[in-house]
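Inspection log for the structure reproduced underneath, given as structure tokens.
The values are calculated or read from the model by the stated rules, or taken from the named source; none is laboratory data. Just so we're clear, the structure is a prediction, and the values are computed from it rather than from any experiment. Neighbour counts are summed over all protein chains in view; Cβ atoms, including those assigned to glycine, are modelled from backbone coordinates with ideal geometry. In case anyone asks, the SASA skips ligands and DNA or RNA and just uses the protein heavy atoms, side chains included. Shrake-Rupley method; radii C 1.70, N 1.55, O 1.52, S 1.80 Å.
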Amino acid sequence: REAVVRGAGGAMTTAELIEARRRATLFQKRREYVVAGGIAGVISRTAIAPVERVKILFQISKASPNPEHIGYWRIVPLIYKEEGFLAFWKGNTAAVIRVVPYMSITFLAYEEYKVMLRGMHLETNLVNLGAGSLAGITAVAATYPLDLVRARLAKQNAGLKSPKYSGMWDALINIPREQGRMTGDGHLRMGALYRGLFATMVGEAPYAGLKFCCYEAMKVGLADFWGVRETELGPVARASCGALSGLMAVNFVYPFDVVRRRMQTHEGERGLYRTPFHAIAQIVREEGVRRGLYRGLTLNYIKTVPNVAIYMSLYDVVKNRLLPPIVEHT
């Protein structure tokens with residue numbers, strides 16, 4: 001039969017035609033995931049950049065016995081007075097450059113891991129939890145140096161006559177050089193760009209897993225409650241599901257975010273902590289749970305709720321409505 005279909009001139013067989021169409025459809029889907037994730041990431045990151053910078057500065061400052069010593073309500077006017085209004089977006093260029101591949105990889109990996117885990121016949125919530133965790137780890141590993149540079153740029157004071165790093169590329173080049181000078185051999189230490197990576201992965205895996213799992217479960221539950229299909233949910237409903245899923249996930253993993261920022265912004269020859277768990281124990285011992293491990297949690301709520309709401313819902317909207325629909329061929 002295939003020989004008849006091929007005929008003269010070497011036309012494609014039926015099986016080859018089906019496979020070609022399948023590959024074209026798969027490529028179009030992957031392109032949608034990448035584009036939708038990138039757009040969602042840029043908009044959400046820029047929107048919450050001021051809160052993120054204040055949160056980083058607050059996280060890396062150690063708790064003081066005097067509650068009036070420092071607080072984010074003092075950091076905000078200080079930044080504005082010494083550096084100006086645009087200083088609230090300091091480090092956002094690095095953040096945006098990072099967030100495009102980060103979000104694109106996250107959503108693409110999430111969709112790919114879901115297909116893989118569904119093939120293992122797992123329960124739906126477990127599929128979403130596992131795919132989200134694996135996607136988070138994959139995206140972090142691929143873009144981590146830019147995350148570290150963003151934290152360093154957010155930390156440094158533009159009010160200084162000679163800021164340590166003039167920008168993202170300067171930081172990427174000079175951080176490994178500085179670490180080499182500290183160790184005395186003068187060699188580039190690329191590992192300096194990955195300081196705090198393990199702590200980030202330990203926190204990102206459950207955070208991303210819970211976020212995706214809760215978001216998908218809430219969408220399905222809301223659609224069932226209203227008697228509509230999940231694809232018929234509006235942007236407001238999706239944003240609400242995203243906000244609640246981000247809020248639930250961040251409560252569970254926030255201490256690792258504090259540890260991550262402190263390890264990223266530490267510039268000494270030796271690491272600030274031996275492991276993430278050693279960091280947690282030391283912070284609790286020296287600063288307490290609420291004032292140490294959960295330092296800046298209120299700010300993180302202000303950042304996370306709109307951030308997750310924007311990028312999760314916007315990803316769905318872009319993927320389902322703005323990009324051309326995929327036509328399946330049979």
Ser166-Phe198 pseudo-label distance in nm [points 7 Å out on the Cα-to-Cβ vector]: 3.7
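For Val220 and Leu126 in the same chain, what is the full-extension length gain: residue separation times 0.36 nm, less their Cα-Cα distance, in nm?
Numbers: separation 94, 0.36 × 94 = 33.84 nm, distance 1.47 nm.
Going from the current span to full extension adds 32.4 nm.
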Per-peptide average of other Cβ atoms within 10 Å, ordering 287-295, 141-149 highest first: 141-149, 287-295
Exposure of Thr93 as accessible area (Å², to 10), given a probe of 1.4 Å and all protein chains: 100
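Looking at region 72-164 from every direction and averaging, what is the projected area of its Cα convex hull in nm²?
Working: hull surface 30.9 nm².
So the mean shadow area of the Cα hull is 7.7 nm².
Do any of Lys55/Lys90; Lys90/Lys211; Lys81/Lys155; Lys164/Lys303; Lys81/Lys164 go past 24 Å between their Cα atoms, and which?
Details: Lys55/Lys90 13 Å; Lys90/Lys211 27 Å; Lys81/Lys155 16 Å; Lys164/Lys303 27 Å; Lys81/Lys164 20 Å.
From the list (Lys55/Lys90; Lys90/Lys211; Lys81/Lys155; Lys164/Lys303; Lys81/Lys164), the Cα-Cα distance tops 24 Å for Lys90/Lys211; Lys164/Lys303.
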Sequence-separation-based contact order of region 102-143, relative, with Cα cut under 8 Å and 6+ spacing, percent: 58
Förster-model FRET efficiency, 25 Å R0, Ile173 and Arg270, C-beta, rounded to 0.05: 0.65
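Between Val76 and Thr231, what is the FRET efficiency for a Förster distance of 35 Å, r being their Cβ-Cβ separation, to the nearest 0.05?
Using R0 = 35 Å, I get an efficiency of 0.30.
At a Förster radius of 30 Å, what calculated FRET efficiency corresponds to the Cβ-Cβ distance of His187 and Ala281, to the nearest 0.05?
Values: r = 33 Å, r/R0 = 1.09.
Efficiency for this residue pair is about 0.35.
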Global geometry of region 194-284, whether rounded, prolate or oblate, following the gyration tensor of its Cα atoms and the 1.5 cut on a/c: prolate
Residue-span extension gain [Arg30 to Arg290] - 0.36 nm each, minus C-alpha spacing: 89.4 nm
